[in-house]
Number of protein chains: 2
Amino acid sequence: MYRQPAVLPHATVSGGWPHAGSEIARSGQLDALIALERIGARMRFARDQEIYAEGEPGAAWFKVVSGIVRISKLLADGRRHVAEFCFAGDSFGFERAAERGFSAEAVNEVTVLRLPFAATERLIEENPVLARHLRDEMLKSLDAAQHRLLLLGRMTACERVAAFLLALAERGDTRQLDLPMSRSDIADHLGLTVETVCRVLSDFKRRRLIAAPTAHRIELVDRRALAAIAED
Amino acid sequence: MYRQPAVLPHATVSGGWPHAGSEIARSGQLDALIALERIGARMRFARDQEIYAEGEPGAAWFKVVSGIVRISKLLADGRRHVAEFCFAGDSFGFERAAERGFSAEAVNEVTVLRLPFAATERLIEENPVLARHLRDEMLKSLDAAQHRLLLLGRMTACERVAAFLLALAERGDTRQLDLPMSRSDIADHLGLTVETVCRVLSDFKRRRLIAAPTAHRIELVDRRALAAIAED
DNA sequence: CGCCAGTTTGACCAAGATCAACGCAAGTGG
DNA sequence: CCACTTGCGTTGATCTTGGTCAAACTGGCG
């Protein structure tokens, strides 16, 4: 559901198409990242600050350097939909339409690399490795979206929450994970209500699958059982 | 949610990045399609025949020439998830993983263009327009997936069915549309059960929003009302 | 200390799932 | 040509999951 953990400068990026993680192209991919670093501008955003808004023209795509970015959309009647949480190494904002269909906000303190479309386009002409890297990023997003489609279309509340926790754990890699996002962020991401998310978490606590010292720090006690719930 | 209608040889394809439909690149895009036609193999599939299976290695991507392709996945416990219906002009099967995560089957009589990854890779080197075309196809898929994420995450059964009908209508373009796929295909695509799909359709009939001479042919009587239900 | 936003819990409700018939049209075989 | 089967589609009765509404709790922070 979520992409590999990767800190930007030393990112483990995937190679050829369609195989991920091949060794051959790795150095080339690193070149691509260095090239991007040259045309990109680093920017910092504070908690809940807007990186771009729905409806804006949109002249650049982004790469998360650190922190978490929330890609979301507000419906007319107030319902909100959080399409994605982007972690360090993830790319976002390469949408097709002339106007942005979603807004991007910082969940916590965030640093991103802003990459203008025009400069990227130029860079691609002379650097085919970058084109491949970009394609790979899109495929990662696509994969993630497909996985989430399954989650939202066919899984129960428990399954969704379990899958969410496990996905986060795969990034943070430790069994102690912190969720900087609010419960309603999580709910809007999983297609549930705040109350349901709370109840499922409480249920997991009662069943000793997780422990929660604070609301935003969760320990995965019985990872195997969680995996069994999330299955697939 | 769904891409523009497009018959392959005369396809209206979109241009630069990220703007869709720009006139400038159209002829170039046509070149790309002609180039693809050269490396691609046309294949026919009968109703319910498998184009590729979940777990297969996957050495090619595809473009639908005619007919409808169903991209789906079967869960361990029997639940099924239909990720996408692909219509003439749509591309599918460019997944990142070494193994296919979904299977592709023909919904009705289907013709596809099979495009091996290796040959595509080679063609891209010498034909940057193709690279752009491919990127565009991926962005289309991504857009579609995002839209469906919203649908599955936040919309009611009525809203889903209305949106589905309208999306189909935009492709077929007439008010008379036929749904060659079964009710359970539709249900598994919308994250509902067969019964719910039936009930909603019956409800729409009762409210004179649609008429249904047969189960697989539906007339949109009050498109405006349907649009109001689907909203957004 | 008291306020405020976010979190948690409980009581109740409704949308949609499940279970069970039934209808209907297209085969199939006698 | 007609009984019989088979696979969808439709409808109804009932149940469950998760949503809604409301209230209590918690932890920062002025």
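The values are calculated or read from the model by the stated rules, or taken from the named source; none is laboratory data. No experiment lies behind these values; they were computed from the predicted model shown. Note that we place each Cβ from the backbone using ideal geometry, even for glycine, and neighbour counts take in every protein chain shown.
Residue-wise test of (1) of a type in the set (Lys, Arg); (2) touching a helix residue (DSSP H, G or I) at 6+ places or on another chain (Cβ under 9 Å); (3) touching a residue at least 12 places away in the same chain (Cβ under 8 Å); (4) within 12 Å of chain B (Cβ to nearest Cβ).
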residue: A:Ala60; (1), (2), (3), (4): no, yes, yes, yes
residue: A:Ser72; (1), (2), (3), (4): no, yes, yes, yes
residue: A:Asp77; (1), (2), (3), (4): no, no, no, yes
residue: A:Val82; (1), (2), (3), (4): no, yes, yes, yes
residue: A:Phe94; (1), (2), (3), (4): no, yes, yes, yes
residue: A:Ala98; (1), (2), (3), (4): no, no, yes, yes
residue: A:Phe102; (1), (2), (3), (4): no, yes, yes, yes
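For segment A:108-160, a residue qualifies if it is of a type in the set (Val, Ile, Thr) and free of Cβ contacts under 8 Å to residues at least 12 places away in the same chain, and the qualifying residues are A:Ile124, A:Thr156. Would you confirm whether any residue within segment B:152-161 is modelled with pLDDT of 95 or more and within 15 Å of the chain's Cα centre (by Cα)? No, segment B:152-161 has no match at all. Considering segment A:183-209, and only residues there that are within 21 Å of the chain's Cα centre (by Cα) and of a type in the set (D, E, K, R), the residue that is nearest to A:Glu105 (Cα to Cα) turns out to be A:Asp185.
Residues that are within 12 Å of DNA strand C (Cβ to nearest atom), within 14 Å of another protein chain (Cβ to nearest Cβ) and in contact with a Gly (Cβ under 9 Å, 6 or more places away or on another chain) occur in segment A:175-190; there is at least one. Taken over segment A:104-150, residues that are surrounded by fewer than 18 Cβ atoms within 10 Å (Cβ to Cβ) and touching a Lys or Arg at 6+ places or on another chain (Cβ under 7 Å) amount to 3.
Scanning segment A:153-163 for residues that are touching a Leu at 6+ places or on another chain (Cβ under 6 Å) and surrounded by fewer than 23 Cβ atoms within 10 Å (Cβ to Cβ) returns a single hit, A:Ala157.
Put simply, of B:Lys73, B:Lys63 the only residue that is modelled with pLDDT of 95 or more and within 20 Å of B:Gly172 (Cβ to Cβ) is B:Lys63.
For segment B:178-208, a tally of residues being touching a residue at least 40 places away in the same chain (Cβ under 8 Å) and more than 25 Å from A:Gly153 (Cα to Cα) returns 0.
Can you work out which of the residues in segment A:175-192 that are part of a helix (DSSP H, G or I) and not β-branched (Val, Ile, Thr) is surrounded by the fewest Cβ atoms within 10 Å (Cβ to Cβ)? Checking each candidate, the answer is A:Ser184.
Here's the yes/no breakdown for (1) touching a Phe, Trp or Tyr at 6+ places or on another chain (Cβ under 7 Å); (2) away from DNA strand D (no atom under 13 Å from the Cβ); (3) not small (Gly, Ala, Ser):
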{"site": "A:Ala119", "(1), (2), (3)": "no, yes, no"}
{"site": "A:Arg122", "(1), (2), (3)": "no, yes, yes"}
{"site": "A:Ser141", "(1), (2), (3)": "no, yes, no"}
{"site": "A:Ala144", "(1), (2), (3)": "yes, yes, no"}
{"site": "A:Glu159", "(1), (2), (3)": "no, no, yes"}
{"site": "A:Val197", "(1), (2), (3)": "no, no, yes"}
{"site": "A:Leu209", "(1), (2), (3)": "no, yes, yes"}
{"site": "A:Ala212", "(1), (2), (3)": "no, no, no"}
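Out of everything in segment A:211-232 that is away from DNA strand C (no atom under 11 Å from the Cβ) and not in a helix (DSSP H, G or I), what residue ends up being farthest from A:Leu177 (Cα to Cα)? Among those residues, the one meeting the criterion is A:Asp232.
Residue check: is B:Glu195 within 16 Å of DNA strand C (Cβ to nearest atom) and either surrounded by fewer than 22 Cβ atoms within 10 Å (Cβ to Cβ) or in a strand (DSSP E or B) (or both)? Yes.
Every listed requirement among (1) near DNA strand C (Cβ under 8 Å from one of its atoms); (2) more than 14 Å from chain B (Cβ to nearest Cβ) is met by A:Phe204 save one, (1).
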